[in-house]
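Here is the structure we will look at.
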Amino acid sequence: MSNQPKTGVERYVQAAGQLAQQRKQDLAAMRECRFDTIAVHGLYTASEALNFNQGAIIEPVYLCSSQAYRDSDEMEAALSYQIPTWCYSRIANPSLYYLENTLALLEGYGFGGEVSACATSSGMAAIASATDPFLNVDPKNPHQKINFVSTCQVYGGTFQQFAVRKAQERGIELRWIRNSADLGEWEKAIDENTRFVYGEMPSNPGLAFFDLKAVAELAHKRGAPMIVDSTVASPALMRPLTFGADIVVQSVTKSMTSSGFGIAGAVISRKNITSTFGPEEMKADFAMYLKTLPNRDNGQNLSPMNAILTLNDLRTLRSKMDLMSRSTLTVARFLEKHPKIERVDYLGLESHPLHTLARRYMFLVDAEHDSAYGSPTNRYGHLMSFRVQGGAQAARTMFDGMRRIWRATDLGRIKSVATIPAISTHQQQGEAGRELADIPGNMIRLCVGAEHPDDIIADLDQALACIDGKVSRPVPSTFSVGGASSARLVD
């Protein structure tokens, strides 16, 4: 009797079970592959292409808002989450499915447990998605005074979301960690009312770094999940889940989408996270819980076009991060010796106070299996910052003198981009907030792209010469607001 075809809703559940089993086998097979193979293929197999996508070798963009069902039974099974469904692109979409599985595989590379991912509309949406579920009132203890702990050296948008949206507007206690390399400060801040512990490493723009494994252990002792923003490193250089983190946040807009074509974020979590708070289904599979419940209702999930743009960029992530890391180290060494530079922050420099710690965590994935290296090889990413002698005005003069490097608030691009954090990405923090995070007015953040480092060094050299007036800085021949008209740079 058990082998007879089922009827109604049950037949769809039975068919979904068979498909799930096939995808489970595909997942197991892909987990045996190297990082680059995973980045190229994800879970998009020839069988998937032939059965569902007319044999398309590249994952299609599903530019449709909703899914049709064969009958009422399939609709009921789908919308009660008994079978896989995407039903509506605000909730899910096949293009997101391909991206999310790839992200989970890459972030979980080398991690023994199960991993899932939820793609979001931006990195900030990912941070909100990853943290807000832990800050709800506990119905069993409605008067509990909850708190959360975070490094203060974070991206400016993160600082605002934590300090203003959560602490100021919602009255939740925020405990900043000033020196994230000090384990004693972490231990003092985390207690039984801490809902989550958050760290950004390496941080943007100051390159703060901490002993993740030790901090995760401190969080877990108090029953709090460890959440890590690993955007600057990407899974090509560091995978926090392998060091004890429960949840990883990625601004996929950055290193992963190096073309600059798309905006995206992601929450990647291991199964069965550590948390004394929240429903069991949230702890069992946090990313899927987000996707099917909070983000379903709040509408933070990613668009299909941006999903595919991101997926296409991911295929060469390891080689790009290797190239840009090597170039950034070359540039950092040049700036470190320049008389007009007060200080260079780059974890790859032996002179950096956190270099030894970073060496324990940041490696080019699979370098030991690469014929070019043949052994574990440290790489430290594309982001660096430096401080110009002479104060904020000298930094602005030098910044305005750049000709090859783009002036923008972006990072992780195939093209080199620079900004002054105090007047851009971290401006809204205010002077006190910037002082807390050690972001002075003479700091310039530089993300080195895939150009030859000699050309980036030449541009920096001539821009630094502008400080003494030895080189005239370029001025725009026309003035435009918001890109309404194009401006050409002339000498």
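Laboratory data are not the source of any read-out in this text; all were calculated from the coordinates shown. Keep in mind that this is a model prediction, so the values were computed, not measured. Because the Cβ atoms are built from the backbone with ideal geometry, glycine has one as well, and the counts that use them run over all protein chains shown.
All other residues with a Cβ under 15 Å from the Cβ of Ser416 taken together, and with Lys, Arg as +1 and Asp, Glu as -1, what is their net charge?
Working: positive: Lys254, Lys320, Arg326, Arg403, Arg404, Arg407, Arg413, Lys415, Arg445; negative: Asp410, Glu451, Asp454, Asp455, Asp459, Asp461.
Overall, the nearby charge balance is +3.
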Farthest towards the positive end of the dipole of segment 149-252, among Thr194, Val252, Ser234 and with Cβ unit charges of +1 on Lys and Arg and -1 on Asp and Glu, lies the Cα of Val252
Step by step: find N for segment 1-139, compute 2.2 N^0.38 Å, then divide the Cα radius of gyration by it. What's the final number? 1.20
Evaluated over segment 1-67, the Cα radius of gyration and Dmax, each in Å: 15.3, 46
Nearest-20 debye value, segment 95-314 charge dipole, Cβ charges on Lys, Arg, Asp, Glu: 200 debye
Net charge around Gln82, counting only other residues with Cβ within less than 12 Å of its Cβ (Lys, Arg = +1; Asp, Glu = -1)? -3
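What is the projected area of the convex hull of the Cα atoms of segment 95-314, averaged over all directions, in nm²? Don't jump to the answer; show the numbers that get you there.
Working: hull surface 43.7 nm².
The Cα convex hull of segment 95-314, projected and averaged over all directions, gives 10.9 nm².
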Theoretical ellipticity at 222 nm over the chain - DSSP helices of four or more residues, -39500 (n - 2.57) apiece, nearest 500: -10000 deg cm²/dmol
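Provide Asp370, Asp461 in ascending order of the number of other Cβ atoms located within 10 Å of each residue's Cβ, fewest first. Mind showing how you got there, number by number?
On the way: Asp370 17, Asp461 14.
In order of increasing Cβ crowding within 10 Å: Asp461, Asp370.
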Find how many whole Å separate the alpha carbon centroid of segment 396-465 from the alpha carbon centroid of segment 270-300. 37 Å
With DSSP loop assignment and no more than 14 other C-beta atoms within 10 Å, the chymotrypsin sites (Phe, Trp or Tyr not before Pro) in segment 258-333 are Phe261
Based on other C-beta atoms within 10 Å, arrange Thr316, Thr257 from fewest to most. Thr316, Thr257
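What do you get for Rg/Rh over segment 317-490 if you use C-alpha atoms and the Kirkwood form of Rh? Don't skip to the answer; put the middle values down first.
Working: Rg = 17.2 Å, Rh = 17.2 Å.
Radius of gyration relative to Kirkwood radius: 1.00.
What number, in percent, do you get for the relative contact order of segment 333-466 if the mean sequence gap of Cα pairs under 8 Å and at least 6 apart is divided by its residue count? Walk me through the intermediate numbers first.
On the way: 218 pairs, mean separation 33.5, N = 134.
Taking the mean separation of contacting Cα pairs over the length of segment 333-466, I get 25 percent.
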Order by neighbour count: Leu237, Leu135, fewest other Cβ atoms within 10 Å first, most last. Leu135, Leu237
Suppose every K and R has +1 on its Cβ and every D and E has -1 on its Cβ; what is the size of the dipole of the chain about the Cα centre, in Debye to the nearest 20? 580 debye
Among all the aspartates and glutamates, which ones have a C-alpha under 15 Å from Lys340's C-alpha, if same-chain residues fewer than 8 places away are not counted? Asp459, Asp461, Asp468
Before anything else, pin down the relative contact order of segment 149-296: Cα pairs under 8 Å, at least 6 apart, normalised by residue count, whole percent. 17 percent
